[in-house]
Each structure stands twice: as structure tokens, then as C-alpha cells.
Amino acid sequence: MKLRNEIEPDFETAEKRYPEILKLILDYTDWCDEYGDEDSVEYKKLEEKLHAMTGKEMSEFDLWEWWEGDGAENLAFSISLPEPKVVNNLTKEEVAEIVSRLKTFEIPDPEDKTFKALFYSYLCFGSDFYPKLLKMNGIAYDFKLFQSHKDKNGKYFEYSQEEITDQLWNRNNSLKRKES
């Protein structure tokens, strides 16, 4: 299912920003390797440049030790990708599609070398785009719904996509009822 344009990640903007953001991150790393940055002056300059380019709060990103995370490429993608938006009337079907993307480990076409194909798996399984989208739109996202659980007999199980969607949707509606 294709989500409404305002719900879909803005890959077009991310692709435009990405090369410069990646270069800035790698240039900063090279600077630190050569000169150090004990007083974080260059780090602050990098944060300011990236914030000016994206409007994002850079404190949520580790620009210093990206190699301990998901790598410079995924970091640059996360910074490049515009934040999710608040949308009117997120439907249960749209929530189900988001759950499907988070739960289904679909491997993109290996022949597809587009920017979107390169980062699609990371978007679904490494970034916080979809959890943020749900939270921003009043859905009480809980990552534990996507994990394995033990039943009372000690057997492991996972919730189905439908069960996760129902739980997220019902939590959302019960919160709305409490607010009324």
C-alpha cells in the first residue's frame, strides 16, 4: 500500500541533502584525526551547519563517534531525511501499512540502485522515522510489540502484524476517550 504523500518519507529532499551532509561528517572526522577537537569548536560548527541545512536538533545525533553506530552513510541519511509530519486523520489502514513496513523484512530489489532502495531497509529497521511518525500522530507506539515474548508456558511468540496494529489502534482510541 502506498501511504499518502505527507506520510511517506521525503526521499527526494534526503537525496538532495545527503552528499553534502555525508561530506561534512567525513571532513569533520578527517579534521579530528589530524588536529583533534578537544574543545569541540569544530563539532559545534558542524552542528550549526547541519542544523542550518535541515532545521533538525543535532543533539540527537552522535556526530563524533558515528563508527560505533550505524556508520557515516546511515547517519548522513538520518540527518538528511526530513522529520515526519503530523497528518490529519491517520487511518487504521495506514497504521497497518506502517506496522507492515516495521515488521516485514522485505529485501529491496538487489538490482535497484536508487537512493531510496539503498536506504529503505535502514529506514524501516534502523531509523526512528516510523516510530516518530506514529507518536507525533497520537499513536502510542511501543517497540516491545515488535519483540518476542514468552507465554505462561515458557514458549516464545511474536505478535502478528494485525495484533500489533490492533493494539496500537486501540491504545490510540482509548487515549482519545480518556481525553474526552
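Being without any contact (Cβ under 8 Å) to a residue 12 or more places away in the chain and either out of contact with any strand residue (DSSP E or B) (no Cβ under 6 Å at 6 or more places or on another chain) or aromatic (F, W, Y) (or both) narrows it down to one of E94, E38, so name that one.
Values: E94 fails: without any contact (Cβ under 8 Å) to a residue 12 or more places away in the chain.
None of the other options fit; the residue is E38.
Within region 125-142, restricting attention to residues that are in a helix (DSSP H, G or I) and modelled with pLDDT of 90 or more, which residue is most open to solvent (accessible area, probe 1.4 Å)? I'd like the intermediate steps shown before the answer.
Pass one, region 125-142, residues in a helix (DSSP H, G or I): 125, 129-136.
Then keep just the ones that are modelled with pLDDT of 90 or more; that gives 129-136.
On the way: F129: 11, Y130: 1, P131: 20, K132: 47, L133: 0, L134: 0, K135: 127, M136: 80 Å².
Ranking the qualifying residues of region 125-142, first place goes to K135.
Mind checking whether some residue in region 44-63 is among the aromatic types (F, W, Y), under 24 Å from D128 (Cα atoms), touching an Asp or Glu at 6+ places or on another chain (Cβ under 7 Å) and open to solvent by less than 70 Å² (accessible area, probe 1.4 Å)?
So the first thing to find is which residues in region 44-63 are among the aromatic types (F, W, Y), and the list is 61.
Cutting the leftovers down to under 24 Å from D128 (Cα atoms) gives us 61.
Remaining after also requiring touching an Asp or Glu at 6+ places or on another chain (Cβ under 7 Å): none.
Scanning region 44-63 turns up no residue that is among the aromatic types (F, W, Y), under 24 Å from D128 (Cα atoms), touching an Asp or Glu at 6+ places or on another chain (Cβ under 7 Å) and open to solvent by less than 70 Å² (accessible area, probe 1.4 Å).
Go through (1) open to solvent by 100 Å² or more (accessible area, probe 1.4 Å); (2) at pLDDT 95 or above for A14 and report which single condition fails.
Evaluating A14 over (1) open to solvent by 100 Å² or more (accessible area, probe 1.4 Å); (2) at pLDDT 95 or above leaves (1) as the failure.
Checking Q161 against (1) open to solvent by 40 Å² or more (accessible area, probe 1.4 Å); (2) free of Cβ contacts under 8 Å to residues at least 60 places away in the same chain; (3) in contact with a Ser or Thr (Cβ under 8 Å, 6 or more places away or on another chain), only one condition comes out false. Which one?
Here Q161 meets the rest and fails (2).
Right, D109: more than 29 Å from N137 (Cβ to Cβ), surrounded by fewer than 11 Cβ atoms within 10 Å (Cβ to Cβ) and at pLDDT below 95 or not? Show your work before the answer.
Working: more than 29 Å from N137 (Cβ to Cβ): yes; surrounded by fewer than 11 Cβ atoms within 10 Å (Cβ to Cβ): yes; at pLDDT below 95: yes.
Judged against the criteria, D109 is a match.
Can you tell me which condition E6 does not meet? The list is (1) among the acidic types (D, E); (2) over 25 Å from A117 (Cα atoms); (3) open to solvent by 30 Å² or more (accessible area, probe 1.4 Å), and all the others hold.
Going through (1) among the acidic types (D, E); (2) over 25 Å from A117 (Cα atoms); (3) open to solvent by 30 Å² or more (accessible area, probe 1.4 Å) one by one, E6 breaks only (2).
Within region 106-127, can you find the residues that are touching a residue at least 24 places away in the same chain (Cβ under 8 Å) and of a type outside the set (G, A, S)?
The initial filter retains those residues of region 106-127 that are touching a residue at least 24 places away in the same chain (Cβ under 8 Å), namely 115-116, 119, 122-123, 126-127.
Within region 106-127, F115, K116, F119, Y122, L123 qualify.
The values are calculated or read from the model by the stated rules, or taken from the named source; none is laboratory data. Nothing here was measured: the structure is a model prediction, and the numbers come from that model. With ideal geometry, Cβ positions are generated from the backbone for all residues, glycine too; neighbour counts draw on all protein chains shown. Only protein heavy atoms, including side chains, enter the accessible area calculation; ligands, DNA and RNA are left aside. Shrake-Rupley method; radii C 1.70, N 1.55, O 1.52, S 1.80 Å.
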